1. Rounded to the nearest 0.05, what FRET efficiency do residue 249 and residue 28 give with R0 = 45 Å and r taken as the Cβ-Cβ distance? Could you check?
2. Output the peptides 132-144, 57-69, 31-43, 99-111 sorted from most to least packed, where packing is the average of other Cβ atoms within 10 Å over each peptide's residues.
3. How much length is gained on full extension from residue 212 to residue 40, taking 0.36 nm per residue of separation minus their Cα-Cα distance?
4. Could you go through the range 87-99 in sequence order and give the Karplus-derived ³J(HN,Hα) for each residue, using 6.51 cos²θ - 1.76 cosθ + 1.60 with θ = phi - 60°, rounded to whole Hz, and x for Gly and Pro?
5. Given C-alpha coordinates of the chain, what is the ratio Rg to Rh with the Kirkwood estimate of Rh?
6. Any idea what the relative contact order of the chain is, in percent, if you count C-alpha pairs under 8 Å spaced at least 6 apart?
7. Report P(r) for the range 1-85: all Cα-Cα distances, bin width 10 Å, range 0 to the bin holding the largest distance, values in whole percent.
8. In whole angstrom, how far apart do the alpha carbon centroids of the range 1-72 and the range 101-180 sit?
Amino acid sequence: MSILQNKIAVITGGNSGIGFATAKELLLKGAKVVITGRRQSAIDEAVKELGPNATGILADTADLSHTDALVEKVKKLHGKVDILFINAGVGSFFPLDVATEAQFDQIMNINFKGAYFTLSKFLPLLKEGSSVILLSSVSATTGMANSSVYGPSKAALNSLVKVAATELAPRKIRVNSVSPGPIETPILDKAGLDDATREGFVTAFTARVPLKRFGTANEVAKLVAFLGSDDATFITGGDYVVDGGVAINPILG
Ligand SMILES: NC(=O)c1ccc[n+]([C@@H]2O[C@H](COP(=O)([O-])OP(=O)(O)OC[C@H]3O[C@@H](n4cnc5c(N)ncnc54)[C@H](OP(=O)(O)O)[C@@H]3O)[C@@H](O)[C@H]2O)c1
């Protein structure tokens, strides 16, 4: 079914994990897709797999000059954006007492500052009736140990969503966030955890999920595709969890 026919979608961090699965899903539903990433080789490989309706543009979301160039390239290529999926992000987990300024800046610059300026700089290209989806996390609201920078970087997005949804409502632009629980993607491999810590993390997380498994990137992609479509035209300013029930947080279970 081509419910996204004639839609132009931009996905930041689209060469891997949730962004890549969403690119596949939006293409399947008829959209044309632009993906970004910070490594040309990974972007090229992804575009090859996604096919002729996908374009890749190198853009480090933490570098605002890259975002300016990205907006110009998308303008030349398509002239408009119907779905903006602000997904690029990094995960890094450490206790509060050992956090460094460099770690703080890296996470905030990518997850929050990058997301903020991607949204603000794409505003001129966003069509009336377009949809913006920010990729947040259940970590924004769950107080997980070792997420003292990652969690707030995502909580800031939840707040931004509400303000942006209010400011952009007159243009009928909808703004929502999606908050996944644990999803099987390469993000943990990139977090610099040693094998034992990684294994412990996966086991502990799985035990806490009522559905007793990690989700797949495709399960997140389907929610993003719905929010991006004209089936969701009365939905704005919200945060939607896709987490196997983690946010229920039962006292007994
Ligand atoms: N997986 C989970 O359990 C989970 C749960 C909740 C929220 N999230 C969020 O979901 C989003 C996607 O993560 P994922 O799990 O799909 O991980 P992923 O496979 O590592 O995907 C992240 C994507 O963002 C890109 N990226 C990172 N920093 C960037 C930068 N500075 N500029 C441009 N692109 C950049 C990555 O590029 P590289 O390939 O070069 O790294 C990759 O394409 C993130 O915002 C993450 O915080 C994930």
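1. Given R0 = 45 Å and the Cβ-Cβ separation, E is 0.85.
2. Numbers: 132-144: 22.0, 57-69: 18.1, 31-43: 20.5, 99-111: 16.2.
Going by the mean number of other Cβ atoms within 10 Å, highest first, we get 132-144, 31-43, 57-69, 99-111.
3. Details: separation 172, 0.36 × 172 = 61.92 nm, distance 3.62 nm.
Computed gain between residue 212 and residue 40 is 58.3 nm.
4. 10, 3, x, 10, x, 8, 10, 7, x, 3, 7, 10, 4
5. On the way: Rg = 17.4 Å, Rh = 18.3 Å.
Here the Rg-to-Rh quotient is 0.95.
6. Details: 486 pairs, mean separation 51.0, N = 253.
Relative contact order, the chain: 20 percent.
7. 20, 55, 23, 2
8. Distance between centres, Cα-based: 18 Å.
Where a number appears in this text, it was derived from the coordinates with a stated rule and is not lab data. None of the values given here were measured: they were computed from a predicted structure. Every residue, glycine as well, gets a Cβ built from its backbone with ideal geometry; the counts of neighbours run over all protein chains shown.
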